[in-house]
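Everything below concerns the one structure shown next.
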Amino acid sequence: MNPKTVIGFVNNRQGSIMDFSVDAEFQKQVDWVENFAAEEIEPLDTFMRTRQDADGNELTRDQWRAVFRYIGDLQQQVKDQGLWGFHLGPELGGPGLGQVKLSLLNEILGRTRMGPTIFGCAAPDTGNMELLAHNGTEEQKKKYLEPTLAGKMRSAYAMTEPHAGEPGEFKCNANRDGDDWILNGEKWFISNALAADFLIVMAITEPDAPTLERASMFIVETSNPGVEFVRNIHTFGTPFTENLNTEKGRGGHAYIRFNDVRLPSDALLGKEGAGFVGSQTRLSGGRIHHAMRTVGVCKKALDMACERALSRRSKGQVLADKQMVQADLAESYIQLQQFRLHVLYTAWLIDMTGSYTREIRKEIAAIKISAAKVMHDVVYRAIHLHGSLGMSNETPLGDMWMSAPWMGIMDGSSESHKENLAKLMLREYEPCEDLFPSYHLPRMQEEAAKKFTVVMKKYASNSQ
Ligand SMILES: Cc1cc2nc3c(=O)[nH]c(=O)nc-3n(C[C@H](O)[C@H](O)[C@H](O)COP(=O)(O)OP(=O)(O)OC[C@H]3O[C@@H](n4cnc5c(N)ncnc54)[C@H](O)[C@@H]3O)c2cc1C
């Protein structure tokens, strides 16, 4: 048994590699984003929730146009700061901040709903842009990546199927017909699909190949004949006030059917059979970005809990003076700090190696699992501490609570990540060939006694 306990990197830069400070220039950007989020984005979030004017009337078409122009203006302010698409490297027009700085900015955006849209880093476009950048031909980049980067096209990523969320079980397939491909099958819970100009679809092209070599990715324009929107799905918490069996539902996730959709040969994204492997770039990036924003959500819930604890009284005391409340606040703080450091550590590892190595995939699986648990626990405690107000729809806590279970499902269930994490961990170990384990005390005692018989003899003669 000889596992590596720490991954070490030789630091060729000046300063300590364990330095938690940021440079003054970047701190200015952090301050700007923090202020912009509080002054501009949080009020926009509140407005977009009610979508009404000051008299409680639904917005007219013209009022909506004005709101969208205002959003465009906010996006321009972000561009003027050089922060548009801050997840992207300079080769794609982004500032190339690296993952650690990205984490710190994403924490701030995690406190908001519209933040990622205003900063040009909203899922699923972000991941799809990464996929196009890594796998696309020059032509595909020009046609799809550039307009998506500029915010002129929207996209969606279609992998999950109604009967299965796991690659080995997928059925949606594409078969060759001359130079073209014919796509058939169904995809489910595809975020943003109704608003998308194109989808990146995972389809089985080589059913007899090993699982991870069976699928290829295709760029499918949503206007293509044969792309059928069966319906648009809400997550729970949204009232069932409309006909669910219609594509016009306002839910953010689509059920899509492909009926003999003809695709030209240049719709293939990346190599044939390399779909699952290629998708790892997208999914790994997406998972860590979600984790970064989860830190922000949890920090906001904890801030709310602390303020409430100091403000609310019960039995002659503020809640903050009650030991059980203190214990809950302390638990949330510890969980959040541990999680945050793990996210930053993973981000730092990516910055150091510049890729999603096995070591990094292990850490990403771990933070993906913790994100669900930490968000659940911290948000629950904050709701509980707010009492009846916490149960109401008059705080942001309800929204946070609704999205807490998402974290354990989207981009793969916690169970499948635990399975993967354990497999990656276990690759660092070997079984013990003996009947009893390496750390069996009787054998260690026997070996130590043998060693020390020699040691004692040697040191005894040295002292004479
Ligand atoms: C908000 C949201 C947005 C999404 N957006 C998209 C999108 O844009 N595109 C897209 O393609 N998909 C999307 N999805 C779907 C998502 O990727 C899948 O839901 C996820 O991969 C899990 O698949 P599933 O729903 O089929 O669950 P299943 O795989 O059926 O898992 C259900 C349960 O089975 C158990 N289970 C599963 N695997 C294991 C295992 N290995 N070991 C032990 N137990 C296990 C667990 O209890 C798990 O929770 C989205 C989902 C959500 C919630």
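FYI, it's all coordinate maths here, none of it is from the lab. Every value quoted in this text rests on a predicted model; they were computed, and no experiment measured them. Cβ sites come from the backbone with ideal geometry, for glycine too, and all protein chains shown count toward neighbours.
Observations
- Cα-centred dipole magnitude for the stretch 366-464, charges only on beta-carbon of K, R (+1) and D, E (-1), debye, nearest 20: 620
- Unsatisfied cross-links (Cα-Cα over 28 Å) in the set K143/K423; K271/K373; K79/K143; K187/K271: K143/K423; K271/K373
- Amide H contacts of E221: L199, each under 5 Å away and 5 or more positions distant or on a separate chain (H built 1.01 Å from N in the peptide plane; Pro and chain starts excluded).
- Taking packing as the residue-averaged number of other Cβ atoms within 10 angstrom, the listed peptides 296-307, 315-326 run from highest to lowest as 296-307, 315-326.
- For the stretch 393-399, Karplus couplings with θ = phi - 60° (6.51, -1.76, 1.60), whole Hz, Gly/Pro x: 9, 9, 9, x, 5, x, 4
- Integer Hz, Karplus 6.51/-1.76/1.60 couplings in order for the stretch 370-380, x for Gly and Pro: 5, 3, 5, 5, 5, 4, 4, 5, 5, 5, 4
- Selection from I219, I200, H163, by position along the positive dipole direction of the stretch 155-269 (Cβ): H163
- Shown in residue order for the stretch 139-151 are the 3J(HN,Hα) couplings computed by the Karplus curve 6.51 cos²θ - 1.76 cosθ + 1.60 at θ = phi - 60°: 5, 5, 5, 5, 6, 10, 5, 4, x, 5, 4, 7, x Hz (x for Gly and Pro).
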